[in-house]
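Reading through the structure tokens given below for one structure.
The values are calculated or read from the model by the stated rules, or taken from the named source; none is laboratory data. These numbers were taken from a predicted model, which means no experiment stands behind them. For neighbour counting, all protein chains shown are included, and Cβ atoms are generated from backbone atoms with ideal geometry for every residue, glycine included.
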Amino acid sequence: MRMKRTLMAGLAALALAAGAAHAQTTLRIGLAEDPDALDPTFARTFVGRIVFAGLCDKLFDIDKDLKIVPQLATGYEWSDGGKVLTIKLRPNVLFHDGEKMDAEAVRFSLDRHLNSPRSGRRAEISVIKTIEVVDPLTVKLTLSTAFAPLIAQFTDRAGMMVSPKAATAAGDQFAQKPVCAGPFKFVERVAQDRIVLEKFPQYWNAANVHFDRVIYRPISDSSVRLANLKAGALDMIERMLATDVPASKKDAKLVVVPVKELGYQGITFNLGNGEKAKAPIGADPRVREAFELAIDRNVINQVVYNGEYTPTVQAVPPSSPYHNKNLKVPGRDVAKAKALLAAAGQKNPVVNLTVPNSPDLRQVAEILQSMTKEAGFDLRINVMEFASSLNAAERGDFEAYILAWSGRPDPDGNLYVFITKNGPQNYGKYFNADVDKMMDEQRAVADMTQRQALLGKIMETTHKDLPILYLWHRTNFMAHTTKLTGFQPVPDAMIRLQGMKLAAN
Amino acid sequence: MLAFLARRLAQVLPTLAVVSVIVFSLQLLLPGDPALVLAGEDRDPKVLAEIRERYGLDQPVHVQYARWVWGVLHGDLGESMRVGVPVGELVMSKLPVTLQLGSMAFVIACAIGIPAGVLSAVKKDSVWDYLANALSLWGLSTPNFWLGIMLILLVSVQLGWLPPSGYVSPFEDWRQSLATTIMPAFVLGNSIAAVLMRHTRAAMLQALNQDYVRTARAKGLTEAVVVNKHALRNALVPVVTLGALELGALFSGAVLTEQVFTIPGFGKLVVDAVFNRDYLVVQGVVLVTATAYVMLNLLADVAYFLINPRLRQE
């Protein structure tokens, strides 16, 4: 008994010691992965963008309705038929090292994005031909061709500005000590353990920042991440499993925030990439249509994702003003699917489906298998580790491939690279000259209504051709404790720290 | 002595060369192109080509190997492709964490396993024996990751006694350090405690049947003295050898335990690096571990040589 008491006392002392270290205005966020390099020019991961939301402000931002709002810039103007973009900058903005965030710094940062070898940003803004400093608060960009989605690119890493002085001094090592103009400045990073930021008092919007510190902790196991939140070791987590949602919603100490993503999950078909394109599903659009009619997206969504995803037939999510409302998810129609297969002379076509190895996608594939079987399909599931499946897709070694895209605020980012002839991610080598022409046209149009019409038509065409069978827009589940208030979900699933508050312990 | 050392060292060098080839080949066996993983979601072909060029992935395999070995011989393990930090720096910062966790786990394993083994041998066929056997069976058959998650849910989430994850260095705050490592160390030590218990029990049973124990009892010594002074001391010899062997198991077990408790140690470093195809980190970690094993073997041989005179005459 005495031993038990000693043990209890010891554990209690440890718990007290543990509690004391956290008693300050520190926001602790659990991430699903450890981010890659913390340098906006080279960073490539989704999770890295979450940290950048606290560290690096962008020229523009998006709000919950995907509208472009000013951040480091105060406004912009198109001229010369959409070939010249003039950006006005916010005055009196400082970088974390005290340097001025002015037109010269913007020129430096954009130049760095464009000309650094291995830059992850170059492709996003390669249309910029010259960058001109008009005055300390005005930058003029001349483009090689009119490109309306450019502003949207500046709402992500391409729009993040870095201190020229710090970036020049650090060279290759800038990611070890990034210096930006965001609400928090970099303190330290212990790989795989934590990234610590502290409040930047001279931030232009400092009145809206209510923490002294932010600690990002990568915890890859989603159950452990959730357990940390429940135990009070974290204040907020990202990417919860859909299956954990019902129980967490019932927990009075937690708030679950669903954020509908900007991207989609779909099945890419091989229509023209090598020998595998000759399979019935790639060769005949009727077989693809039959495949679509044989499946029921709603049922799969209910079974695998608790009905939390949004079934779709297009690349652009409902949150976007470019979402085509006329495109409806078709109901399941096995008889019609059978008729289409008969017309195509393929009563029992074999379809090899490549599935990246994750429990939910395996389950999705199995349901697809049994649903399409009723229409006559012989769906064979080929589960593959993700990196290998991408390699196979590049080589054209696939017939059908379940692939997701995290999405971009501008619809161009969800379409161009996937469905145009030379798009780097057009793995199935789909080609429709009309689609290519319209895709180029919409890039040059600044008027929203005109773009909506063009993009609407593009998505109607691709729904007929079915190079990609769009399945659903996923939902990112964030969760935080009830002590945390003011979190504003935006479809890009970033954690914007401005305006968030943490009640005292 | 010098000749012996020279001979053994001469054997170590080719072993290390073979190890380096195996370690390097391992990354070639990993499916998936590292450049493709590193390029992230956008996968721009131009960027892919630049990444391949930067890390020499566009070179023939033998050139890649030669470059890497040349670097290693000059003390340069390369840099992490994902975070851009030198691999040597990463390894050196993670090693102490795993050493701390491993040592604590080992102490816990000995503290549970050896007394339980002695108890069950001394009280053979009693309730204590059955209980200890049942516990050891449980310890052997409970996976680390499952026990880890269950403990987090019970001790951290339900009872709120200990932090569920993370790590603090003992030099920074020893109490916090203990709080963050005690649970993972227990999980890690648990299965080894079971192995130690089984072996201690067997060795003790054998020792208790020896003539000298009967003699000790005949002399009228108390049972405590017979068990502790005569039987246990002799029974511990094979247990100590086994314990040393189990240290290896401890480090492989750390891979899973560190994942569950998010301890930024050696195990987590290598698992994350494998998933991110950060192959220079994988190579660096495996090479350092393998070299450590080879060197420990060498030291053990030297120790045998010093302890056992018969070896010296050969």
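One table, with the values for the structure above:
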{"quantity": "Of all residues in the range B:148-207 being within 14 Å of chain A (Cβ to nearest Cβ) and polar (S, T, N, Q), the one that is farthest from B:LEU99 (Cα to Cα)", "calculated": "B:GLN158"}
{"quantity": "Check on B:LEU48, assigned to a loop (DSSP other than H, G, I, E, B), within 27 Å of A:ASN357 (Cβ to Cβ), more than 7 Å from chain A (Cβ to nearest Cβ) and free of Cβ contacts under 8 Å to residues at least 40 places away in the same chain", "calculated": "no"}
{"quantity": "Residue in the range B:256-271 that is more than 14 Å from every other protein chain (Cβ to nearest Cβ), in a helix (DSSP H, G or I) and in contact with a helix residue (DSSP H, G or I) (Cβ under 9 Å, 6 or more places away or on another chain) present", "calculated": "no"}
{"quantity": "Filter result for A:GLY331 (within 14 Å of chain B (Cβ to nearest Cβ) and under 18 Å from A:TYR470 (Cβ atoms))", "calculated": "no"}
{"quantity": "The one condition in (1) closer than 21 Å to A:ILE151 by Cα; (2) modelled with pLDDT of 95 or more that A:GLU460 fails to fulfil", "calculated": "(1)"}
{"quantity": "Any chance A:THR485 is free of Cβ contacts under 8 Å to residues at least 60 places away in the same chain and in contact with a strand residue (DSSP E or B) (Cβ under 9 Å, 6 or more places away or on another chain)", "calculated": "yes"}
{"quantity": "Residue under evaluation A:ALA227, criteria (1) in contact (Cβ under 8 Å) with a residue 40 or more places away in the chain; (2) within 14 Å of chain B (Cβ to nearest Cβ); (3) closer than 29 Å to A:GLY499 by Cβ, criterion not met", "calculated": "(1)"}
{"quantity": "Odd one out for B:ARG7 among (1) farther than 23 Å from A:ALA392 by Cα; (2) modelled with pLDDT under 90; (3) facing chain A (nearest Cβ under 10 Å)", "calculated": "(3)"}
{"quantity": "Some residue of the range B:239-248 being under 13 Å from B:ALA121 (Cβ atoms), within 30 Å of the chain's Cα centre (by Cα), part of a helix (DSSP H, G or I) and charged (D, E, K, R)", "calculated": "no"}
{"quantity": "Counted residues, the range A:189-216 - those being in a strand (DSSP E or B) and either farther than 12 Å from A:LEU55 by Cβ or of a type outside the set (A, V, I, L, M, F, W, C) (or both)", "calculated": "8"}
{"quantity": "Residues located in the range A:217-265, provided they are of a type in the set (D, E, K, R), more than 18 Å from A:LEU31 (Cβ to Cβ) and either touching an Asp or Glu at 6+ places or on another chain (Cβ under 8 Å) or outside any strand (DSSP E or B) (or both)", "calculated": "A:LYS249, A:LYS250, A:ASP251, A:LYS253"}
{"quantity": "Residues (more than 14 Å from chain B (Cβ to nearest Cβ), part of a helix (DSSP H, G or I) and touching a residue at least 24 places away in the same chain (Cβ under 8 Å)) located in the range A:353-391", "calculated": "A:ASP360, A:LEU361, A:GLN363, A:VAL364, A:ALA365, A:ILE367, A:LEU368, A:MET371, A:THR372, A:GLU374, A:ALA375"}
{"quantity": "Single residue of A:ASP111, A:ASP156, A:ASP212, A:ASP221 found to be touching a residue at least 24 places away in the same chain (Cβ under 8 Å) and surrounded by fewer than 21 Cβ atoms within 10 Å (Cβ to Cβ)", "calculated": "A:ASP212"}
{"quantity": "Strands (runs of 3 or more DSSP E) (entirely within the range A:18-105) containing at least 3 residues that are closer than 30 Å to A:SER220 by Cβ and within 14 Å of chain B (Cβ to nearest Cβ)", "calculated": "A:26-31"}
{"quantity": "Residue that is surrounded by the most Cβ atoms within 10 Å (Cβ to Cβ), among those in the range A:405-433 that are within 14 Å of chain B (Cβ to nearest Cβ) and in contact with a Lys or Arg (Cβ under 7 Å, 6 or more places away or on another chain)", "calculated": "A:ASN414"}
{"quantity": "Of all residues making up the range B:51-79, the number that are assigned to a helix (DSSP H, G or I), aromatic (Phe, Trp, Tyr) and touching a residue at least 40 places away in the same chain (Cβ under 8 Å)", "calculated": "2"}
{"quantity": "Within the range B:205-238, tally of residues that are assigned to a helix (DSSP H, G or I) and more than 30 Å from B:ASP301 (Cβ to Cβ)", "calculated": "19"}
{"quantity": "Residues being touching a residue at least 60 places away in the same chain (Cβ under 8 Å), touching a Phe, Trp or Tyr at 6+ places or on another chain (Cβ under 8 Å) and aliphatic (A, V, I, L, M) - total across the range B:13-36", "calculated": "1"}
{"quantity": "From B:PHE266, B:PHE251, residue being buried (at least 16 other Cβ atoms within 10 Å of the Cβ), at pLDDT 85 or above and within 22 Å of B:PHE186 (Cα to Cα)", "calculated": "B:PHE266"}
{"quantity": "Boolean, A:VAL187 is at pLDDT 95 or above and buried (at least 17 other Cβ atoms within 10 Å of the Cβ)", "calculated": "no"}
{"quantity": "Lone qualifier among B:ALA179, B:ALA202 - being buried (at least 16 other Cβ atoms within 10 Å of the Cβ) and of a type outside the set (Lys, Arg)", "calculated": "B:ALA179"}
{"quantity": "Output for the range A:113-123, where each listed residue is assigned to a helix (DSSP H, G or I) and either of a type in the set (Gly, Ala, Ser) or within 23 Å of the chain's Cα centre (by Cα) (or both)", "calculated": "A:HIS113, A:LEU114, A:ARG122, A:ALA123"}
{"quantity": "Residue in the range B:114-132 that is surrounded by fewer than 23 Cβ atoms within 10 Å (Cβ to Cβ), within 14 Å of chain A (Cβ to nearest Cβ) and at negative phi present", "calculated": "yes"}
{"quantity": "Checklist (1) at pLDDT 95 or above; (2) among the basic types (Lys, Arg); (3) farther than 24 Å from A:GLN442 by Cβ; (4) crowded, with 18+ Cβ neighbours inside 10 Å applied to A:ARG118, failing item", "calculated": "(1)"}
{"quantity": "The range B:80-97 - residue that is buried (at least 22 other Cβ atoms within 10 Å of the Cβ) and not in a loop (DSSP other than H, G, I, E, B) and, of those, nearest to the other protein chains (Cβ to nearest Cβ)", "calculated": "B:LEU90"}
{"quantity": "Yes/no for A:SER248 being surrounded by fewer than 18 Cβ atoms within 10 Å (Cβ to Cβ), within 14 Å of chain B (Cβ to nearest Cβ) and farther than 30 Å from A:ILE419 by Cβ", "calculated": "no"}
{"quantity": "Complete set of residues in the range B:158-168 that are farther than 18 Å from A:SER223 by Cβ and either in contact (Cβ under 8 Å) with a residue 24 or more places away in the chain or not in a loop (DSSP other than H, G, I, E, B) (or both)", "calculated": "B:TYR167"}
